[in-house]
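One structure is given below, encoded as structure tokens.
The values are calculated or read from the model by the stated rules, or taken from the named source; none is laboratory data. Given the structure is predicted, the values throughout are model-derived calculations rather than measurements. Note that each Cβ is placed from the backbone with ideal geometry, even for glycine, and that neighbours are counted across all protein chains shown. Keep in mind that these areas ignore ligands, DNA and RNA; they rest on the heavy atoms of the full protein, side chains included. Shrake-Rupley method; radii C 1.70, N 1.55, O 1.52, S 1.80 Å.
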Amino acid sequence: MRIFGIALAAALLAGCASAPGESTLAQRVEVYPTEPSEPIALEDQQVLFWDDATRADRFRRMENFFAGIEATHAGTVRELPEGSPLPAEVVAAVDAFLASSNAAGIMVIDDGKVRYEKYGLGFGPEQRWTSFSVAKSFTSTLLGAAVAEGLIGSMDDPVTRHIPKLAGTAYEGVSVEQLATMTSGVKWNEDYTDPESDVAKMLNVAPVPGESQAVTYARTLEREAPAGEKWVYKTLETNLLGVLVEEATGRSLADYAKEKIVDPAGFAGDLFWMTDLTGGNIGGCCLSIRLSDYARFGQFVLEGGEGVVPPGWFAEATGKQVAFDTPGFGYGYQWWTYPGAYGAQGIFGQAITIVPEDRLVVAVVSNWPVASSRDLRLQWGEVVQTIAAAD
């Protein structure tokens, strides 16, 4: 599987543009735009080329280097009571993975109770860590919230109904559901090693006043297959989903997430979500929260998100909307599906893995030595299986 790796080049000093609703947000205590205290040069913003020490330092404080929007923690924090410890042999296996994979923290919630919580790399429970593509599943959840509110009529709505500036582009005739499942049929190159790939260039495009960079770049793309017939992993399409939600709600993703995720899930810490050059949140990447809050989000999803998303939303969103050649694996609405489980995942070893039958949520934040590793991802799956099999 290809895991999203964004060239953070576009997350410059976004203070030159206004985020959706910024004039309102700036007056609110709960959600507010931020400027980086240690802005870094453009040539230093390619995360794939940061060395190990730089990643370990910056992943825990991305808000120092990039502009974004902050949402404060929940008014009522969800308590995570301590459960019985995992069996010693399981603890040993998780400890070993924590050390060998360069993880910064792992938390296991079993039936709502914490059975394992450990940290590495000098990281701690009150610090935040970046998400990379784990953010995609947050954006998907905000999509569900907008559907529940009737701000998006249905998943069959044409994308152009909500983003009119895509009319006449390769996204003409693409539905919201096809955007959410990355089956638009639009041609795309997500090769992180190629500086000329779409994923490397999409946020380098010059900002156009009044238009998201995602929309600006989408205008340049061509179609390669009929909508709904071909799955290709495209980070741009999550960025477009973010634009769609912001257009439908009239609010930034961070602001909407405060109401629809942070508060109902009971986050203990503040959320930081990076913005692009136009000041809008980047839907496909780059929010930062505590390890415990990644786990709280997973628990919120496991429990169904009552009152936030439509009934049955998560069964559909985390279901196998697209089946892969490998049995049991597939893709939903910005969620990966595995045999007996589903989850969110991002480069350098970020993940929330949920095993519904066992009422199990396992969250990990990491600084893998490489952006994407099939071996490490498989090892993570094995660790989750080991935990699920424990008494």
If you fit an axis through the alpha-carbon atoms of helix 88-100 and take the longest principal axis of the Cα set of the chain, what angle between them do you get, 0 to 90°, nearest 10? 40
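For the range 322-391, compute Rh as the Kirkwood radius over C-alpha pairs and then the Stokes-Einstein diffusion coefficient at 37 °C and 0.692 mPa s; write the answer in µm²/s, rounded to an integer.
It diffuses with D of about 261 µm²/s by this estimate.
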Pseudo-spin-label distance Ile40 to Asp57, built 7 Å along Cα→Cβ, given in nm, is 0.9
Quote the relative contact order of the range 141-207 in percent (integer), defining contacts as alpha-carbon pairs under 8 Å separated by 6+ residues. 18
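May I ask you to order 88-94, 247-253 by the average number of other C-beta atoms within 10 Å around their residues, highest value first?
Packing order, densest peptide first, comes out as 247-253, 88-94.
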Quick one: if the Förster radius is 30 Å, what FRET efficiency do Asn204 and Thr386 give, using the C-beta to C-beta distance and rounding to 0.05? 0.10
Just the accessible area per residue of the range 265-324, please: how many Å² with a 1.4 Å probe? 25
Here the Kirkwood hydrodynamic radius of the range 43-138, Cα-based and in Å, equals 15.8
So what are the three principal axis dimensions of the range 286-368 from its Cα atoms, in whole Å, longest to shortest? 34, 29, 25
Which FRET efficiency value, to the nearest 0.05, is calculated for Asp111 and Glu89 with the Förster distance at 25 angstrom and r the Cβ-Cβ distance? 0.75
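Explain nothing, just the number: relative contact order of the range 281-337, from Cα pairs under 8 Å at least 6 residues apart, as a whole percent.
Computed value for the range 281-337: 20 percent relative contact order.
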For the range 146-157, Karplus couplings with θ = phi - 60° (6.51, -1.76, 1.60), whole Hz, Gly/Pro x: 5, 5, 4, 7, x, 6, 10, x, 6, 5, 8, 4
Interchain or long-range residues, amide H under 5 Å from Tyr116's placed H: Val108
Once phi for every residue in the range 260-266 is put through the Karplus expression 6.51 cos²θ - 1.76 cosθ + 1.60 (θ = phi - 60°), the whole-Hz ³J(HN,Hα) values, with Gly and Pro written as x, are 9, 10, 4, 6, x, 7, x
Under 20 °C and 1.002 mPa s, how fast does the range 96-140 diffuse according to Stokes-Einstein, given a Kirkwood radius computed over C-alpha pairs? Answer in µm²/s, whole number. 176
Find the centroid of the Cα atoms in the range 86-111 and in the range 290-359, then give the distance between the two in whole Å. 20
In whole percent, the Cα-Cα distances of the range 114-253 spread across 5 Å bins from 0 upward as 2, 9, 18, 21, 19, 12, 8, 6, 4, 2, 0
On average, how much accessible surface per residue is there in the range 24-140, in Å², for a 1.4 Å probe, leaving out ligands, DNA and RNA? 44
How high is the relative contact order of the range 316-390, in percent, with contacts defined as C-alpha pairs under 8 Å that are six or more residues apart? 18
Computed helical MRE - 222 nm, the chain, DSSP H runs ≥ 4 contributing -39500 (n - 2.57), nearest 500: -7500 deg cm²/dmol
Scan around Phe59 for amide H atoms under 5 Å from its own, H built in the peptide plane at 1.01 Å from N, and keep only partners 5 or more places away or cross-chain. none
Output needed for the range 146-214: three equivalent-ellipsoid semi-axes, defined as square roots of 5 times the C-alpha gyration tensor eigenvalues, in descending order, whole Å. 25, 15, 11
Counting only protein heavy atoms and using a 1.4 Å probe, what share of the accessible area of the chain belongs to carbon plus sulfur, as a whole percent? 50
Report the FRET efficiency, 1/(1 + (r/R0)^6), for Tyr32 and Leu151, where r is their Cβ-Cβ distance and R0 is 22 Å, rounded to 0.05. 0.45
Length gain on complete extension for the stretch Thr76 to Asn64, per 0.36 nm per residue less the alpha carbon to alpha carbon distance? 1.6 nm
Taking only C-alpha positions in the chain, Rg and Dmax in angstrom work out to 19.3, 60
